[in-house]
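The values are calculated or read from the model by the stated rules, or taken from the named source; none is laboratory data. Every value quoted in this text rests on a predicted model; they were computed, and no experiment measured them. Note that each Cβ is placed from the backbone with ideal geometry, even for glycine, and that neighbours are counted across all protein chains shown.
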Amino acid sequence: MTREPGAPERMNDTTSAAHEAANGKVAKGDAPQKPNGETLTEQELRQLDRMKAIDREVRQHELAHQIAGGQYTGGASYEYVRGPDGERYVVAGQVPIDYGPVPGDPRATIGKMQQVISAALAPADPSPKDHQVAASARQYLLTAQLELAQLSRQQHGDTAATSQQDEGDGTQKSSSPRAATPELSQYDIVAKAIEATGGIARLHSEA
């Protein structure tokens, strides 16, 4: 999850303080200063204002990922630049997220991918990388749902076969209906699974 915003210029209390200092309304020491003690110029104050706004925006963006991602996200890492006041401000950040499927467990994969998608799209303005992660998670989600549908169908078929075998006497009459029923191809199983769980195709189309 990477965030590199470009915040528009806007005035804040820092800039207002500089105007007041320039007009003699406040003491010079109350306005933001450079490391050498000099008062910042209006241009430097506007730059500082932008840097503070970007810092807040990036931190909020990554925090949204972490809260929604829970156990699947790690700690945020940031890139800094030094402002005209000598302080460091965040300009970009990223949060690692585990969006791989759970091997051999499609049901667990479904739950995980749903949370990963929520985490990737949690910020108010997801980045292109965030959308890419969400799209990958949707693909894993679709695959897991299809696998689960196939497993459910196979289990149902095995149960039905066992029941029929217990009730039958092994004659041609009891076995002929099964012999006359064609087996479903892998494509048929997938197609029917998609049809039975209409949310799958709809979820995939929204990626």
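Please find, among GLU62, GLU42, GLU79, the residue that is modelled with pLDDT under 95 and among the acidic types (Asp, Glu).
Just one listed residue meets the conditions, GLU42.
Could you count how many residues in region 96-135 are touching a residue at least 12 places away in the same chain (Cβ under 8 Å) and part of a helix (DSSP H, G or I)?
The qualifying residues number 18.
Looking at the structure I just gave you, is LEU63 part of a helix (DSSP H, G or I) and within 33 Å of the chain's Cα centre (by Cα)?
Answer is yes for this residue.
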